[in-house]
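A short write-up of the structure that comes next.
Derivation of every value follows stated rules applied to the coordinates shown; laboratory data play no part. Keep in mind that what you see is a predicted model, and the values were worked out from it rather than measured. Positions of Cβ are generated from backbone atoms using ideal geometry, with glycine treated the same way; all protein chains shown enter the neighbour counts.
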Amino acid sequence: MIPVRVMEQARQIKLLILDVDGVLTDGKLFFDYQGNEFKAFHAHDGHGIKMLQQTGVEIAVISGRESVIVTKRMEELDVKLVYQNQRDKRAAFAELLQKLNLIPEQVAYVGDDVVDLPLMIQVGLAIAVANAVEAVQACADWTTTLSGGNGAVREVCDVIMQAQDFFEPLLSEYLQ
């Protein structure tokens with residue numbers, strides 16, 4: 001059951017910002033002997049992002065690492081607000097607020113590790129994935145039941161759509 005306070009906060013959301021490693025992925029970093037990187041993304045998360053985009057909520061990713069794989073996946077999902085190699089995520093956050101003409105209360109952020117705390121304390125809805133470190137869960141308004149890379153982002157998207165009364169109409173399109 002989602003707390004009423006979280007649903008009220010989710011009603012105001014116009015931008016969902018996602019961390020990548022540990023949120024869109026399970027946080028494991030795979031490299032082959034040539035140094036090529038591999039990441040796994042959950043299809044449920046991707047479809048949740050696509051559904052949430054249909055409601056007019058913007059999606060952004062801010063990652064501390066740079067990855068061609070992230071670029072490719074975000075292109076597949078039509079996520080245009082992609083900030084990589086952001087050791088300090090606050091500059092990207094400020095740019096997003098200005099670019100989209102939003103206030104922090106209209107933003108949700110999903111994180112899993114302490115590098116996410118500077119944004120989590122600024123946004124209207126701070127969310128930790130189930131496998132986030134303790135400090136992040138303590139700072140979060142809500143913690144998902146699913147882990148990063150295992151459907152947590154879909155869970156977040158569904159909650160925002162439910163709070164904004166978009167979930168049932170979108171779901172009905174699949175039941176016709």
Exercise for review: Note down all Cβ pairs under 8 Å where the first residue falls in the stretch 1-22 and is over 25 Å from F41 (Cβ atoms), the second is crowded, with 19+ Cβ neighbours inside 10 Å and basic (K, R), and they're at least six residues apart or on different chains.
Suggested key: none
Check your understanding: Hey, does the stretch 86-109 have a residue that's outside any helix (DSSP H, G or I), buried (at least 16 other Cβ atoms within 10 Å of the Cβ) and charged (D, E, K, R)?
Key -> yes
Practice item. Could you grab me the full set of residues in the stretch 26-69 that are buried (at least 17 other Cβ atoms within 10 Å of the Cβ) and either in a strand (DSSP E or B) or free of Cβ contacts under 8 Å to residues at least 12 places away in the same chain (or both)? Key: E58, I59, A60, V61, I62
**Study point:** Tabulated pairs, the stretch 90-110, first closer than 14 Å to K14 by Cα, second basic (K, R), C-beta under 6 angstrom, 6+ apart or interchain
**Key:** L102/K14; Q106/K14
Check your understanding: Of the residues that sit in the stretch 110-123 and are over 12 Å from D141 (Cβ atoms) and of a type in the set (V, I, T), which one is surrounded by the most Cβ atoms within 10 Å (Cβ to Cβ)?
Key -> V115
